[in-house]
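One structure is given here, and the rest of the page talks about it.
The values are calculated or read from the model by the stated rules, or taken from the named source; none is laboratory data. None of these values were measured; they are calculated from a predicted model. Cβ atoms come from the backbone with ideal geometry, glycine included; neighbour counts cover every protein chain shown. With ligands, DNA and RNA removed, areas are computed over all heavy atoms of the protein, side chains included. Shrake-Rupley method; radii C 1.70, N 1.55, O 1.52, S 1.80 Å.
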Amino acid sequence: MKTLITGVSGSGKTTIAAALVGRGHHALNLDKVKGLCAWIDLATGQPAGADFKRESADDWKNKYDWLWDEQELKKLLNKPLDTYFCGSSGNQKKFYTLFDKVFLLEMDEPLLRHRVFTCERDHDYGRRPGEIEEILDYYQQEQDDAKASGAIVIDAHQSVDEIINLVLSETVAK
């Protein structure tokens, strides 16, 4: 089974991936899969150059997007392992049908702000000027798209264990 666990920045995807691995499941943090994700220049369709630096959201709003490479994603999906894919991208709705199940970690604005600004994270996305507004602009559309595709909605206010138990109850054969 190929399962996507998605949500906006701060929803818990990285934490869920690590916890699933800790429980013995094959899970990938898609942001860390080499060759899969990149900031793409929307005008050229090419990855942002090595000198690319983001100081604020204004530096790249409507110029770049975090996208999955279709061929790389399909290679991962063709592997004969049951896998939990944890991540999000600007083009993810195009791929929903490739997964057996899609889960959406849904949260409200207060939780999003709390996690972006106070939780330990492996990146600082959301903390530079204008980025939290960028996330807020994006998150409602992302949540609506996932729901429209039939994603199973999980309240991201729950504990990691509660979330994982819900995911496993829908994906592990009984």
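Here is how the numbers come out for the structure above:
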{"quantity": "Residue that is modelled with the lowest pLDDT, among those in the range 85-115 that are in contact with a Ser or Thr (Cβ under 8 Å, 6 or more places away or on another chain) and basic (Lys, Arg)", "calculated": "Arg115"}
{"quantity": "Members of the range 2-31 that are open to solvent by 30 Å² or more (accessible area, probe 1.4 Å) and within 13 Å of Leu67 (Cα to Cα)", "calculated": "Asp31"}
{"quantity": "Qualifying residue in the range 74-84 (condition: open to solvent by less than 20 Å² (accessible area, probe 1.4 Å) and either closer than 28 Å to Leu136 by Cβ or at pLDDT below 85 (or both))", "calculated": "yes"}
{"quantity": "Criterion violated by Leu42 - all others in (1) at pLDDT 90 or above; (2) open to solvent by 50 Å² or more (accessible area, probe 1.4 Å) satisfied", "calculated": "(1)"}
{"quantity": "Filter result (under 15 Å from the mean Cα position of the chain (by Cα) and either of a type in the set (Val, Ile, Thr) or open to solvent by 20 Å² or more (accessible area, probe 1.4 Å) (or both)) within the range 89-107", "calculated": "Gly90, Asn91, Lys93, Lys94, Lys101, Val102, Glu106"}
{"quantity": "Every pair of residues 6+ apart whose Cβ atoms lie under 9 Å, when the first sits in the range 64-84 and is touching a residue at least 12 places away in the same chain (Cβ under 8 Å) and closer than 14 Å to Val33 by Cα while the second is part of a loop (DSSP other than H, G, I, E, B) and among the basic types (Lys, Arg)", "calculated": "Glu72/Lys34"}
